[in-house]
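A short write-up of the structure that comes next.
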Amino acid sequence: AMLDPDSGLSLTIARIVQRLKGSSLHSQLERRLPSLPPSLPSRRGRRAGCLHKPEIKLESLKEDIKDFLKTSGWEKKLQNAVYSELNVFPSPCHPAAPPEHMKEPLAYMRKAQGSWEKRILKSLNSMCTELSIPLAQKRPVNEQKELLNKWNEMGTDEPDLSLFRPVYAPKDFLEVLMNLRNPNYENGEQPSFRSHLGLIQVPLKVKDIPELKEDFSELGLNIGQLGIDDSAQVPPEFFENEHVRVGQKVLAEQDSAAAQQYVRQGCPTALRADLWALILNISNQPEDILYYEQLKSNVIQHDLLVDSLIYKDVKLTASNDDYYFVFEDYLYQVLLCFSRDTSVLEHFTYSSATPPKSYIRGKLGMEEYAVFYPPNGVIPFHGFSMYVAPLCFLYHEPSKLYQIFREMYVRFFFRLHSISSHPSGIVSLCLLFETLLQTHLPQLFYHLREIGAQPLRISFKWMVRAFSGYLATDQLLLLWDRILGYNSLEILAVLAAAVFAFRAVNLMEVTSLAAAEAVLADLSTLKVMPLLQIFLFATVT
């Protein structure tokens, strides 16, 4: 069957082929081809000529190559690469749609993101000016040596960072989201939406509980789950043993799509690191390790202002965390390398954000003197290091830890701090959270609203950090299993609503925002899976 050249499918295929051509997978495959089985014409020199030889039929050549791909394991690698592309990139818009539509279809969202970026840059630039520190400078040789020597124990350093402040914190970002309006609906004209009494005032479509039940059907009450100790249907140890056996089989098969389906019911602790790597299609090849070493040498040679922001963030967050303080050195390594990684810029094709530009001194506004700053285009904010911290439990080899984090960031975490209409974007998550509460716990919602304790003011920081630093680590990893399994962040909003439902009795008695915050201050004893199950499958709709 011929594909219509303008159809979504053929556009997607063309884009994936284009992307794979530039990948290291492509170069590995090219290196392997000279060692094709003897039935195939080998040696590159002969390959061009061989197609004209009558004794080689094009059809049989096709079949031979297919067989070679299958038996050599390359078919799986290619499948996983294609699957990974499909998971990360949005489906192409209509060919006539302007490229910014791939970033964000709604103009007012693009505009809001743009002015938020201006504010961040202003804050960064004024810090530069106040502290008279350049955005970037080469480190003197003696400093380079020193940094290289203490690369694995950067945490022992105690530089004076009192003058540095985070460029922004989640609560500043929430204020921006609360002021978002769709200009097409002047003064709250949208009738279907007028009844929404939360802080988010933009009309986006979010799912209701029946739709969520369907999407998250594998979390149902009659399905075995890791993270639920007393399921009535299946004795947990029986389910666990069987689930581990299936998990080992999925790993042996090396199929990303199967792994993604499998982790919806949770990952056995011993298999989690390998299953996540398989889903994210990370194999830590020699070239990946080399790339990481190059990033490291870039950190050693150049001193960026963001280094101090990263340092300060780790000191303010992970270093004070009972679970994560032991990983302080890993966090510096990963985050400093991340800030130098220009391959991260690629995700801006499907992110509503735009990487900030900086101009070489004296050349302001002249495009040929513009550079992205920081090189990866991402300015860290207060709490950013908590995206990396939980991964340190799973990966102890720095270059692998680094690649897993980078992939998690360009698939998921970037959506938690940019303004967009995407269903996994933070605006949709806030709206989903508020809608779930207002619909299913109306009394609680109105009570908190009346006393000036809007629920989103409390839950926003949980969602922006994907609950990292709020839940016990074993519970957080069970939650992140499901983010990977469903390729979606919507579960964060569902969990946030479930936490309010779980503490509803106590919350009904509070009379101030401070008291409400106190009731929800410690989530470290919560069990994620029972909360999600009860909220989704035992709430009367």
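Below are the figures for this structure:
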read-out	value
Long-range HN-HN contacts of H302 with modeled amide H, under 5 Å	R139
Accessible area in the full protein assembly, largest first, 1.4 Å probe, for S339, S126	S126, S339
Signed unit charges on C-beta, dipole axis of the chain, positive-most listed residue S358, L180, T156	S358
Under 12 Å, Cβ to Cβ, from K66 - net charge with Lys/Arg +1 and Asp/Glu -1	-3
H447 accessible area, assembled protein chains, probe 1.4 Å, Å²	40
Sorted peptide list for 374-382, 426-434, 481-489, criterion being average Cβ within 10 angstrom, highest first	426-434, 374-382, 481-489
Diffusion coefficient, µm² s⁻¹, Stokes-Einstein with Kirkwood Rh over alpha-carbon pairs of the chain at 10 °C and 1.306 mPa s	62
By average C-beta atoms within 10 angstrom, highest first, the peptides 520-532, 60-72	520-532, 60-72
Distance violations [Cα-Cα > 28 Å] among K171/K207; K77/K150; K150/K171; K111/K171	K77/K150; K150/K171
Mean separation of Cα contacts under 8 Å, 6 or more apart, over the residue count of the chain: relative contact order %	18
Over 20 Å between alpha carbons, listed pairs K315/K357; K118/K357; K21/K103; K249/K400	K315/K357; K21/K103; K249/K400
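The values are calculated or read from the model by the stated rules, or taken from the named source; none is laboratory data. Being a predicted model, the structure only gives us computed values, none of them experimental. Here Cβ is always computed from backbone atoms with ideal geometry, including for glycine, and neighbour counts include all displayed protein chains. Protein only, heavy atoms only, side chains kept; ligands, DNA and RNA dropped before computing areas. Shrake-Rupley method; radii C 1.70, N 1.55, O 1.52, S 1.80 Å.
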